[in-house]
Amino acid sequence: RPPMHYLQREWAKAVVDYRVTAIETGNALGKDWFVGCIVPWWLYTRPKSLVIVTGPSQTLLGSVTWKEIRRAVEDSPIFKAGVLKAKITSGVKTSPQMLEVAPGWQALGFSTTSVERASGQHAKDLLVIVEESSGVEDQIWEALDGLKYTKLLAIGNPIRAAGGFVNLCNQGEADAKNGVPPRLAVKYINTPSTASPHVHMDQSPYGLADKTWLEAMARKYGKESAWYKAHVLAIRPKLSHEILIQTEWLQRATSEAAGRAAAEWRNAGQGGTRRLSCDVGEGVGNARSVVVVRDDVGI
């Protein structure tokens, strides 16, 4: 593949040197491209090795992660020369996704809802990769520990204030202060989008964060917004549910007084147009499909 940019090289060196690597990043830095390199690297350099990749959505693994893995393998001179074969699944929602070099020598992709199917998978050289790590629940991290992995890479945007991914990041900061040896330590890396190697360009030739995108996101969301801080600056929120909607706003909106006032407006025919929206869960972790109906005076 084309050479990694300097941030990806830092991530790769951490994976080589440390047992666990936790990377909080902004958007548009080539995370999925990077994972697409790491998976075949591990397999092709370790006979009979195994990679388990998981994330909140099977669709994410199929449409993004495995797309990058497929590109990396099919463009590889090792693959083209027939030195090592590889069979790769193609369906977006195939479960598990698979890259097989030989029977038992493979990479498997399970969503967090089905990762227990990986419990019987063991190998001397086992790499576990957790995509979109902020969206992975605590019980899944416990299940992954049971795989007795050789190395773990957890990567994603810092969109939650607490959870297994946050615990890993905090552990990495503590390990660095306490001088824990790499064979036991968590290496924590924080990489904002503003560190992109193409930040000075109007348009990145590879789709990385560039000047135009950064300015557009700042205009759209505001530099002080929760979205901009998490997805651009890679700043972890200090609070959980309060970060986007302040608690006092929720209390006012759901109070008995607000309910009575809304009922009076509706009875008088002044509720306005009803609008419906749906957020489809798609089987992601503990996600549920939610239907919301509202008018001008409330939900």
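Taken over region 1-113, the ratio of Cα radius of gyration to 2.2 N^0.38 Å equals 1.03.
A DSSP coil position with no more than 12 other Cβ atoms inside 10 Å describes none of the chymotrypsin sites (Phe, Trp or Tyr not before Pro) in region 67-124. About its Cα centre, region 71-148 has a charge dipole of approximately 520 debye under the convention of +1 per Lys or Arg Cβ and -1 per Asp or Glu Cβ, with nothing else charged.
Taking every alpha-carbon pair under 8 Å whose residues sit at least 6 apart, the chain reaches a relative contact order of 22 percent. For residue 191, the amide hydrogen comes within under 5 Å of the amide hydrogens of 24, 25, 26, counting only partners 5 or more places away or on other chains and with H modelled in the peptide plane. Between the listed residues 23, 59, 2, the Cα displaced farthest toward the positive end of the dipole of region 1-71, a dipole computed from Cβ unit charges relative to the Cα centre, is found at 2. Measuring nothing but protein heavy atoms, the accessible surface of the chain at 1.4 Å probe radius is 54 percent carbon and sulfur.
Solvent-free Debye calculation, one equal scatterer per alpha-carbon of region 135-256: log10 I(q)/I(0) at 0.11, 0.14, 0.22 Å⁻¹ equals -0.55, -0.81, -1.22.
Amide hydrogen proximity for residue 152: with H placed 1.01 Å from N in the peptide plane, the residues at 5 or more positions away or on another chain lying under 5 Å are 20, 21, 128.
So in the chain, what percent of DSSP beta bridges are antiparallel if you round to the nearest 5? The answer is about 35 percent antiparallel. Efficiency by 1/(1 + (r/R0)^6): what FRET value for residue 224 and residue 81, r their Cβ-Cβ distance, R0 = 35 Å, to the nearest 0.05? E between residue 224 and residue 81, to the nearest 0.05, is 0.10.
Charged side chains reduced to their Cβ positions (Lys and Arg at +1, Asp and Glu at -1) give region 1-147 a dipole of some 760 debye around its Cα centre. Structural descriptor for region 1-120: relative contact order 27 percent, calculated from alpha carbon pairs under 8 angstrom and at least 6 residues apart. D by Stokes-Einstein for region 87-154, Kirkwood Rh over Cα pairs, 37 °C, 0.692 mPa s: 258 µm²/s. Excluding same-chain neighbours fewer than eight residues apart, the aspartates and glutamates reachable from residue 48 by a Cα-Cα span under 16 Å are 100, 125. For residue 278, the solvent-accessible surface computed with a 1.4 Å probe is close to 80 Å², ligands and nucleic acids excluded.
Looking at region 135-171, the trypsin sites (Lys or Arg not before Pro) that sit in a DSSP loop and have at most 16 other Cβ atoms within 10 Å of their own Cβ are 148. Diffusion coefficient (Stokes-Einstein, Kirkwood radius over C-alpha pairs, 37 °C, 0.692 mPa s) for the chain: 154 µm²/s, rounded to a whole number.
If R0 equals 25 Å, the separation of the Cβ atoms of residue 212 and residue 92 corresponds to a calculated FRET efficiency of about 0.25. Of 149, 206, 221, 18, the order by accessible heavy-atom surface (1.4 Å probe, DNA, RNA and ligands excluded), from most exposed downward, is 206, 221, 18, 149. Solvent-accessible area of residue 67, all protein chains in place: 70 Å² (probe radius 1.4 Å, heavy atoms, ligands and nucleic acids excluded).
The values are calculated or read from the model by the stated rules, or taken from the named source; none is laboratory data. Note that the structure is predicted; figures quoted are calculated from it, not measured. Using ideal geometry, Cβ is built from the backbone for each residue, glycine included, and neighbour counts are taken over all protein chains shown. Accessible surface is based on the protein model in full, side chains and every heavy atom, while ligands, DNA and RNA are left aside. Shrake-Rupley method; radii C 1.70, N 1.55, O 1.52, S 1.80 Å.
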